[in-house]
1. For the condition open to solvent by 10 Å² or more (accessible area, probe 1.4 Å), under 26 Å from Lys24 (Cα atoms), of a type in the set (A, V, I, L, M, F, W, C) and within 15 Å of the ligand (Cβ to nearest atom), what is the one hit in Ile112, Ile70, Ile53, Ile42?
2. Report, by residue number, each residue of the stretch 76-101 that is farther than 27 Å from Lys5 by Cβ and either part of a strand (DSSP E or B) or at pLDDT below 95 (or both).
3. Examine the stretch 134-145 for a residue that is of a type outside the set (A, V, I, L, M, F, W, C), more than 11 Å from the ligand (Cβ to nearest atom) and open to solvent by 40 Å² or more (accessible area, probe 1.4 Å), and state whether such a residue exists.
4. I need the full set of residues from the stretch 89-104 which are under 15 Å from Leu11 (Cβ atoms) and surrounded by 14 or more Cβ atoms within 10 Å (Cβ to Cβ), in order please.
5. Go through the stretch 74-95 and report how many residues are within 15 Å of the ligand (Cβ to nearest atom), out of contact with any Gly (no Cβ under 7 Å at 6 or more places or on another chain) and not basic (Lys, Arg).
Amino acid sequence: MNILKYPDKRLKILAKPIKLINYKIRTLIFKMLNTMYAHNGIGLAATQINKHIRIFVMDISKNSNQPLIIINPKYIYVSTTYKKVKEGCLSIPNYFEYIYRSINIIIKAIDINGNKFIINASGLLSQCIQHEIDHLNGKLLIDNLSNKQKG
Ligand SMILES: [Zn+2]
């Protein structure tokens, strides 16, 4: 699948929640995983493949064999302590930026079978989830300049 690249305006579209996880959505999720792995990415939001629905996939494991599928994520908690981290994005090739991310977050979401779950994340997991939720909200790390000025 083709990944939208900055400054494509479609990357700014706010993604809508998913009401029903049907065959079409499951197929899309598997295509997203394949696309993410093919580009050696650790996360991909539906927004990046021009589907404006609230799904992202991730895999931060060393061997790229622990896919995480997150649908309709919602923040339950966002820490107000930040860490400066270096970040890249498949939609902005060869660009890296230092930005501030909340150290700890808790989100609720549903999985591919529609089951609710909660993730309490810190470190790289927390950073990636924030990056992908930003995509669903039409935000790119290149837009986070005010964030950068915080520290
Ligand atoms: Zn990205």
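1. Of Ile112, Ile70, Ile53, Ile42, the one residue that is open to solvent by 10 Å² or more (accessible area, probe 1.4 Å), under 26 Å from Lys24 (Cα atoms), of a type in the set (A, V, I, L, M, F, W, C) and within 15 Å of the ligand (Cβ to nearest atom) is Ile42.
2. Start the filter on the stretch 76-101 by keeping residues that are farther than 27 Å from Lys5 by Cβ, which leaves 76-83.
Listed by number, the residues that qualify are Ile76, Tyr77, Val78, Tyr82, Lys83.
3. yes
4. Cys89, Leu90, Ser91, Ile92
5. 8
The values are calculated or read from the model by the stated rules, or taken from the named source; none is laboratory data. If you're wondering where the values come from, they're calculated on a predicted model, not measured in any experiment. Heads up, the Cβs are rebuilt from the backbone with ideal geometry, glycines too, and the neighbour counts pull from every protein chain shown. Please note that ligands, DNA and RNA were not included when accessible areas were found on the heavy atoms of the full protein model with its side chains. Shrake-Rupley method; radii C 1.70, N 1.55, O 1.52, S 1.80 Å.
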